[in-house]
Structure formats: C-alpha cells, structure tokens
Amino acid sequence: MERQESHMLWNNLMEHMVNDNCPVCSLMKERNHSAMDNFLYECANLPDIRLKIKKEGGFCERHSKELREFGDPLAHAILYQDLFDEAFQELNQTFLPKKITFLGKKESQKNNCFFCRKEKTGEEHYTKAMANAVSNAKFLETYTHKGMLCLPHLKMALSSKTKDQEKVKQLKQITWNKYNKIWDSLKEIVRKHDFHYTNEPLTEQEKRDWKRAVDIFNSLEKEQV
C-alpha cells in the first residue's frame with residue numbers, strides 16, 4: 001500500500017514537470033488552492049479554528065491576499081470580526097504603540113500562519129518524495145528533460161534522508177546544470193547591455209531566463225513564462 005502511494009506521488013510530481021518548472025511549487029499551489037477552498041467552505045465558522053486564528057492575529061500577508069482572492073464575503077466577515085474584536089480590546093487597554101502585541105504580526109509570525117504550517121508540511125512531504133523518486137530511472141529522465149527544483153525545494157530534497165544518496169547527488173548535479181544555463185543567460189544579458197553590444201537583441205531564452213532566475217530563489221512564487 002505504501003509503495004503504491006509512493007508511485008502515485010511520483011507520478012504526480014512527474015506530471016507537474018513542465019517547461020523546467022519546479023514540480024513541488026506546482027503541486028503546492030494546487031494543494032494550497034484546495035486547502036483554502038475547503039477552509040472557506042467548511043472551517044471558517046468552526047469555533048476551535050476561529051479561536052486559533054484569532055489568537056494568531058490572522059494570516060501572513062501572502063496567504064491573507066490569496067484567501068481574499070476567493071471572494072467569500074461571509075467567511076471573511078466572520079473571521080475578521082473576531083480579529084477586530086481582539087484588536088479593539090487591546091487598543092482599549094493600551095496607549096503606547098510599543099506595548100501593542102496583537103496588532104500587526106511580529107516578524108517571527110509572518111511566515112507562521114494557519115496556511116503556512118500546512119504549506120510547510122506539504123513541502124516536506126513532496127521534497128522527501130522527490131529525493132526518493134530519483135532512484136527510479138524514468139522519474140530521473142523526466143526530471144532531466146522537463147523539471148527544475150527551485151533552490152529552497154532543492155535544499156529540502158537534498159537534506160531528506162534517503163537510502164540512495166548517489167541518486168540524490170545526481171539530482172543535485174542535474175539541477176546545478178540547469179541553473180548554470182540560466183546563469184549563462186544572465187551573463188549574456190549583462191554583456192548585451194554594454195554599449196558595445198547594444199545592437200544584439202535578447203534571445204527568447206534570455207527573456208525567459210531572467211524571470212526564471214527570480215523563480216529559482218523563491219519557492220511558491222513561480223510565474224508561468
């Protein structure tokens with residue numbers, strides 16, 4: 001049963017290897033969308049969930065904006081009434097801004113909201129699967145030609161404990177080679193902006209690669225190009 005589940009997960013990862021996009025990022029976006037949809041439909045009015053979110057001061061900035069895009073006025077009204085109530089109580093007791101603890105998330109809380117925790121669990125699950133899946137020849141070949149882990153997810157995959165460390169090293173080398181091609185494009189872009197070479201237009205690859213460079217360093221923020 002566990003083996004069957006692993007193969008299903010591997011197939012999901014392979015299906016999300018398109019145009020050198022990070023398969024973990026792509027899967028996580030789908031997972032997050034589903035989690036938010038379910039949350040608004042089933043959980044937003046559950047007392048224990050509401051209390052938890054209230055105590056945490058809401059969601060991080062990114063997830064707050066993503067959740068808002070679902071356009072559910074009732075769920076937001078319920079949740080943010082709670083948050084306002086908590087804020088009003090604190091404002092009523094506190095006059096010095098430096099003493100306000102609820103209003104505005106602290107730096108340490110910005111990436112630790114209800115959805116951040118779900119996201120972290122999912123990332124760990126998928127990157128561990130990625131590290132194990134590279135022992136499969138078909139999976140590794142698909143990754144070589146179609147996938148590219150972003151740096152945060154590559155680091156997570158490399159730190160996963162797996163039996164076949166040689167294959168994990170191969171995953172690292174394949175990804176390194178892909179990164180290196182993008183680095184070459186960046187070098188060319190810089191060269192072409194020298195006044196001696198401004199007559200040379202950017203190639204379509206270079207136009208894509210400077211955006212991919214941003215994607216590589218920022219998991220879950222990938223732009224489809």
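The values are calculated or read from the model by the stated rules, or taken from the named source; none is laboratory data. Since the structure is predicted, the reported quantities are computational estimates derived from the model, not experimental observations. No Cβ is skipped: glycine too gets one built from the backbone with ideal geometry, and neighbour counts run over all protein chains shown. With ligands, DNA and RNA removed, areas are computed over all heavy atoms of the protein, side chains included. Shrake-Rupley method; radii C 1.70, N 1.55, O 1.52, S 1.80 Å.
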Can you tell me which of Leu9, Leu51 is modelled with pLDDT of 90 or more and of a type in the set (A, V, I, L, M, F, W, C)? Leu51
Are any of the residues in the stretch 121-132 over 30 Å from Lys52 (Cβ atoms), more than 17 Å from the chain's Cα centre (by Cα), open to solvent by less than 90 Å² (accessible area, probe 1.4 Å) and not aromatic (Phe, Trp, Tyr)? yes
Would you check if Thr101 is exposed (fewer than 11 other Cβ atoms within 10 Å of the Cβ), modelled with pLDDT under 95 and more than 30 Å from Arg212 (Cα to Cα)? yes
Pick out the one residue from Glu56, Glu15, Glu30 that is among the charged types (D, E, K, R) and closer than 18 Å to Glu86 by Cβ. Glu56
Candidate set: the stretch 153-178, residues that are of a type outside the set (A, V, I, L, M), in a helix (DSSP H, G or I) and in contact with a helix residue (DSSP H, G or I) (Cβ under 8 Å, 6 or more places away or on another chain); chosen: the one most open to solvent (accessible area, probe 1.4 Å): Lys172
